[in-house]
Amino acid sequence: MIVRNCAGGIVFYGDKVFLLKNEKEEWVFPKGVMRNGDLPAEVAQKRVFEEGGIIANIISIAGDTSYEFYSVTRQKPICNKITWFIMKTDSDKFHISEKEKFQDGGFFDIEEAMKLVTYSQDKALLNLSYKKYKEISQECLNCCTFI
C-alpha cells in the first residue's frame with residue numbers, strides 16, 4: 001500500500017464554507033499531497049489557492065482524517081492521510097482553476113454544505129470545524145471589544 005501525506009483546508013467566509021465538486025461528482029474540501037518536505041500548513045494554503053483561487057488564513061488545526069482507495073493506474077491500494085486546517089477568508093470570490101479535476105464549487109451555508117458533502121467523515125469534520133471556527137471568532141470579538 002502506498003501511503004500519501006496530504007493537507008487541506010476547511011475555508012469559512014462568515015457562516016459559509018467552501019466546497020468543490022470533483023470529477024466523480026463528490027463534494028469535498030480542497031486538499032493536496034505533501035511532497036519534498038512540504039509543511040502541512042503551506043500545502044493546505046497552496047491547494048486552497050490553486051483549486052479555488054482563494055487566499056485564506058489558517059486560524060486553527062481541524063484534525064486528521066484518512067481514507068483508502070485502489071489506484072487503477074498504479075495497480076495498488078493508496079492510503080491518503082490528511083491534516084486539515086480551519087481557514088478564514090475575507091471574500092466569497094473564488095475561481096476554479098483545475099477544470100479537469102473540479103466541475104463546480106462555491107461557498108455554501110453550513111446546513112446546505114452538510115447535505116452536499118459526500119463523505120460522513122467530512123461531514124463530522126465540517127461540524128467540528130464550524131463549532132471551533134465560531135468559538136475562535138467569538139473569542140476574537142471579545143478580546144477586541146473596547147469598553
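Bear in mind that the values in this text are calculations on the coordinates, not laboratory data. All of these numbers come straight from a predicted model, not from anything done at the bench. Heads up, the Cβs are rebuilt from the backbone with ideal geometry, glycines too, and the neighbour counts pull from every protein chain shown.
Count the net charge of all other residues whose Cβ sits under 9 Å from the Cβ of residue 15, scoring Lys and Arg as +1 and Asp and Glu as -1.
Details: positive: 16, 134; negative: 109.
Result for the neighbourhood of residue 15: +1.
Remark: the residue 35-residue 3 segment gains 10.3 nm on full extension, using 0.36 nm per residue and subtracting the alpha carbon distance. Quote the Stokes-Einstein diffusion coefficient, in whole µm² s⁻¹, for the stretch 2-144, based on the Kirkwood radius over alpha carbon pairs, a temperature of 25 °C and a viscosity of 0.890 mPa s. Calculated translational D: 159 µm²/s. Of the GluC sites (Glu not before Pro) found in the stretch 9-50, those that fall in a DSSP loop while having at most 15 other beta-carbon atoms within 10 Å are 23, 25, 26.
What pairs from 101/134; 31/131; 101/131; 24/134 go past 25 Å between their alpha carbons? From 101/134; 31/131; 101/131; 24/134, over 25 Å: 101/134; 101/131; 24/134.
How big is the equivalent ellipsoid of the stretch 44-121 along its three axes, where each semi-axis is √(5λ) from the Cα gyration tensor, reported in whole Å from largest to smallest? Intermediate values should be presented prior to the final figure.
Values: eigenvalues 114, 54, 42 Å².
With the √(5λ) rule applied to the stretch 44-121, the semi-axes are 24, 16, 15 Å.
Electrostatic tally near residue 110: other residues with Cβ closer than 9 Å to its Cβ, Lys and Arg +1, Asp and Glu -1, net -3.
So what is the relative contact order for the stretch 52-108, in percent, with contacts set as C-alpha pairs under 8 Å and at least six apart? It comes to 41 percent, rounded to a whole number.
Relative to the present Cα-Cα distance, how much length would full extension add between residue 67 and residue 81 at 0.36 nm per residue of separation? Walk me through the intermediate numbers first.
Values: separation 14, 0.36 × 14 = 5.04 nm, distance 0.69 nm.
The span from residue 67 to residue 81 would gain 4.4 nm if fully extended.
Sorting the segments 132-139, 60-67 by their mean number of nearby beta carbons within 10 angstrom, highest to lowest, gives 60-67, 132-139.
Each Lys and Arg adds +1 at its Cβ and each Asp and Glu adds -1 at its Cβ; summed about the Cα centre, the stretch 2-144 shows a dipole of about 420 debye. The long axis of helix 120-144 is offset from the longest Cα principal axis of the chain by roughly 30 degrees.
Note down the net charge around residue 140, summing +1 for each Lys or Arg and -1 for each Asp or Glu among other residues with Cβ under 13 Å from its Cβ. Could the numbers behind the result be given before it?
Numbers: positive: 88, 132, 134; negative: 135, 139.
Net charge in that neighbourhood comes out at +1.
For the chain, the relative contact order is 31 percent, taking Cα pairs closer than 8 Å that sit 6 or more residues apart in sequence and dividing their mean separation by the residue count. Cα axis of helix 40-52 to longest principal axis of the chain: angle in degrees, 0 to 90, nearest 10? So the inclination is approximately 90 degrees.
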